[in-house]
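**Student:** Quick one: structure below, then a few questions.
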Amino acid sequence: MNSVELLKEFTRQRGDAAVIVGPSKNSGVLYHQEHQPATIYNMELGYTTAIALGLAMAVPAQKVVALEGDGSMIAGIGVLSTVALNAPENLVILMLDNGTYGSIGQGDCESATAAGLKLANVAIASGLAPEKVREVNDLAAFGAALSSAMTEPGPWMICATTERYGTDIIKRAPLPEQDIVESVVFFRREMIARGFAFKD
């Protein structure tokens, strides 16, 4: 599955969801497809879902999406049991699995999913409801799963297998026009404008 097309489908269904994006080319692609201020780009490896979980628990009236890569999900894999324990209904974990650590090196460093790790199975074993964990391999299945996740109570986890990419795509990948600090500042302002209070 082409990750750019997948992200186009996500932007079509996103609505006003707050989104935390992990470290990868996905941050730049999402920014240039449809930037929204309620987005934090290039969250550090392993922290994307953890930050999204905390946000979802703090603002239960707001849909929150963690846009993960497989490498980042593996790095923070313990958070899945905490997601299951707290079970915020407004949380969606969207995990794009290309079998590599695309944010480091030349895009040729394989992740454990390339050797057979099934993160959907880990999510279920961690306590997420099996009917709300979906594995998808084509755009139609992704769109259907995302539609359910964005409109029905969660937490949801969608594991989408995407194409692998190497050095050429890494070099051509667009970057967000905000660094992580700037995007956090704009994110905070947007959430306050929506009526959510933040304590320093």
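The values are calculated or read from the model by the stated rules, or taken from the named source; none is laboratory data. Computed from a predicted model, the values in this text were never measured in an experiment. FYI the Cβ positions are ideal-geometry reconstructions off the backbone, even for glycines, and counts take in every protein chain you see.
**Student:** Do we find that residue 143 is at pLDDT 95 or above, on the phi < 0 side of the Ramachandran plot and touching a strand residue (DSSP E or B) at 6+ places or on another chain (Cβ under 6 Å) in this structure?
**Tutor:** Spelling it out, it is not the case that residue 143 is at pLDDT 95 or above, on the phi < 0 side of the Ramachandran plot and touching a strand residue (DSSP E or B) at 6+ places or on another chain (Cβ under 6 Å).
**Student:** How many residues are surrounded by fewer than 19 Cβ atoms within 10 Å (Cβ to Cβ) and more than 14 Å from residue 155 (Cα to Cα) if we restrict to region 52-73?
**Tutor:** 1
**Student:** Mind listing whichever residues of region 22-43 are surrounded by fewer than 20 Cβ atoms within 10 Å (Cβ to Cβ) and over 17 Å from residue 98 (Cβ atoms)?
**Tutor:** Across region 22-43, the qualifying residues are 32, 33, 34, 35, 36, 37.
**Student:** I need a count of the residues in region 122-154 that are in contact with an Asp or Glu (Cβ under 7 Å, 6 or more places away or on another chain) and over 14 Å from residue 96 (Cα atoms).
**Tutor:** Of the residues in region 122-154, 2 are in contact with an Asp or Glu (Cβ under 7 Å, 6 or more places away or on another chain) and over 14 Å from residue 96 (Cα atoms).
**Student:** Please list, ordered by first then second residue, the pairs with beta carbon atoms under 6 Å, 6 or more apart or interchain, first in region 172-194 and farther than 17 Å from residue 59 by Cα, second surrounded by 14 or more Cβ atoms within 10 Å (Cβ to Cβ) and among the small types (Gly, Ala, Ser).
**Tutor:** 173/28; 174/28; 175/28; 176/27; 176/28
**Student:** Return the residue satisfying two criteria in turn: it lies in region 110-132 and is outside any helix (DSSP H, G or I) and at pLDDT 95 or above, and of such residues it is surrounded by the most Cβ atoms within 10 Å (Cβ to Cβ).
**Tutor:** 128
**Student:** Restricting to region 7-21, what's the tally of residues that are touching a residue at least 60 places away in the same chain (Cβ under 8 Å) and surrounded by 24 or more Cβ atoms within 10 Å (Cβ to Cβ)?
**Tutor:** 2
**Student:** Can we say residue 95 is of a type outside the set (Gly, Ala, Ser), over 22 Å from residue 128 (Cα atoms) and either surrounded by 24 or more Cβ atoms within 10 Å (Cβ to Cβ) or in contact with an Asp or Glu (Cβ under 6 Å, 6 or more places away or on another chain) (or both)?
**Tutor:** no
**Student:** Given the criteria at pLDDT 95 or above and either buried (at least 20 other Cβ atoms within 10 Å of the Cβ) or β-branched (Val, Ile, Thr) (or both), does residue 151 qualify?
**Tutor:** yes
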